[in-house]
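One structure is given below, encoded as structure tokens.
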Amino acid sequence: MVREAEAFAERMAQRRSVRDFSAEPIPAGLLEAAIRAASTAPSGANVQPWRFVVLSDPERKRRLREAAEAEEHAFYERRASQEWLDAISGLGTDWRKPFLETAPAVIVVFEVHHGPHSPKPYYVKESVGIAVGLLITALHHAGLVTLTHTPSPMRFLNEVCERPPEERPYVVMPVGYPAQDARVPDLARKPLDEVMIRW
């Protein structure tokens with residue numbers, strides 16, 4: 001069991017957020033299997049307050065990119081604090097989001113709140129966060145790469161994805177294979193003794 005846990009930890013240590021995607025198509029059924037895995041997440045009162053919207057239509061992805069870049073441009077130019085801009089300066093990111101079109105698929109995850117067709121949920125953010133963690137893990141395990149993108153504000157996603165008001169955008173995840181020339185920052189992860197305390 002320890003060997004399996006260590007092998008899994010080593011595999012997950014290879015995961016990186018990627019912004020440069022290949023146009024190579026994703027095998028049929030792969031995203032469905034990953035979303036099924038994500039849907040096994042625990043949730044408050046087992047309400048399962050999540051919705052996974054998969055965008056692969058080029059026109060829909062173009063609309064997503066245009067709307068996201070408009071919000072991001074305003075954020076970077078007017079709303080972002082200098083502290084935030086300094087914190088991300090080494091990551092090579094800005095308001096331009098070409099990956100929203102170049103990735104073969106984009107998964108938009110929504111929190112499902114109480115509405116005419118949905119029961120009252122409990123611990124929504126926690127539940128959806130756990131499901132997204134499982135989704136990232138499943139996609140990595142399958143050999144795909146992704147990125148967690150959170151434009152601010154995100155309400156435009158309801159229109160692009162045709163979702164009702166009780167569904168609130170949580171995260172945008174382009175998914176696919178890395179481009180041949182994909183580059184990722186050389187980031188160090190904190191050692192175990194900095195993130196774990198045992199009493």
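Values in this text are rule-based calculations from the coordinates and carry no lab data. Model, not experiment: these values are computed from the prediction. In this analysis, Cβ positions are derived from the backbone assuming ideal geometry, glycine residues included, and neighbour counts consider all displayed protein chains.
Hey, could you grab the Kirkwood Rh for region 129-199? Inverse mean 1/r over distinct alpha carbon pairs, Å, one decimal.
Computed over region 129-199, the radius equals 15.3 Å.
Per residue, the average separation of C-alpha pairs within less than 8 Å and at least 6 apart gives region 33-145 a relative contact order of 48 percent.
For K97, the lysines whose Cα comes closer than 22 Å to its Cα, not counting residues fewer than 8 places off in the same chain, are K61. Taking a ≥ b ≥ c as the square roots of the Cα gyration tensor eigenvalues, region 57-125 comes out oblate, since a/c reaches at least 1.5 and a/b does not exceed b/c. Legend: ranking of residues M154, M1, M196, M12 from fewest to most surrounding C-beta atoms inside 10 Å; resulting order M1, M196, M12, M154.
Restricting to the chain, compute how many DSSP beta bridges are antiparallel as a %, nearest 5.
Numbers: 20 of 21 bridges.
Antiparallel: roughly 95 percent of the beta bridges in the chain.
Rounded to the nearest 20 debye, the dipole size of region 39-161 about its Cα centre is 320 debye, using +1 on the Cβ of Lys and Arg and -1 on the Cβ of Asp and Glu. Among V106, V171, the ranking by other beta carbons within 10 Å of each residue's beta carbon, starting with the fewest, stands as V171, V106. Classified by the C-alpha gyration tensor, region 19-90 has an oblate form. Its axis ratio a/c, with a ≥ b ≥ c, is 1.5 or above, and a/b does not exceed b/c.
Summed over all non-identical Cα pairs, the Kirkwood treatment of the chain gives a radius of 18.2 Å. Only the Cβ atoms of Lys and Arg (+1) and of Asp and Glu (-1) were treated as charged; on that basis the dipole of region 1-66 about its Cα centre amounts to roughly 260 debye. The residue among F99, G115, T150 whose Cα reaches farthest toward the positive pole of the charge dipole of region 78-199, with charges on the beta-carbon of Lys, Arg, Asp and Glu, is G115. Just checking the listed ones, E111, E71, E32: in the Gaussian network model of the chain with Cα springs under 10 Å, the one fluctuating most is E32. Name the trypsin sites (Lys or Arg not before Pro) in region 80-160 that are in a loop by DSSP and that have at most 15 other C-beta atoms within 10 Å, would you? Counting only loop positions with at most 15 other Cβ atoms within 10 Å, the trypsin sites (Lys or Arg not before Pro) in region 80-160 are R96, R155. Were the residues from N46 through A70 laid out at 0.36 nm apart, the gain over their Cα-Cα distance would be 5.0 nm. Centre-to-centre, using Cα atoms only, region 1-55 and region 80-153 are separated by 12 Å. A full extension of the chain between T148 and L91 corresponds to an added length of 19.2 nm, given 0.36 nm per residue minus the alpha carbon distance. Answer rounded, prolate or oblate for region 1-59, using the Cα gyration tensor with square roots of eigenvalues a ≥ b ≥ c: rounded when a/c is under 1.5, else prolate when a/b is larger than b/c, else oblate. The shape class here is oblate.
If the segment from F8 to E83 were pulled out straight at 0.36 nm per residue, it would be longer than the present Cα-Cα gap by 23.5 nm. Take the Cα of V184, step 7 Å toward its Cβ, do the same at E126, and the gap between the two points is 3.0 nm.
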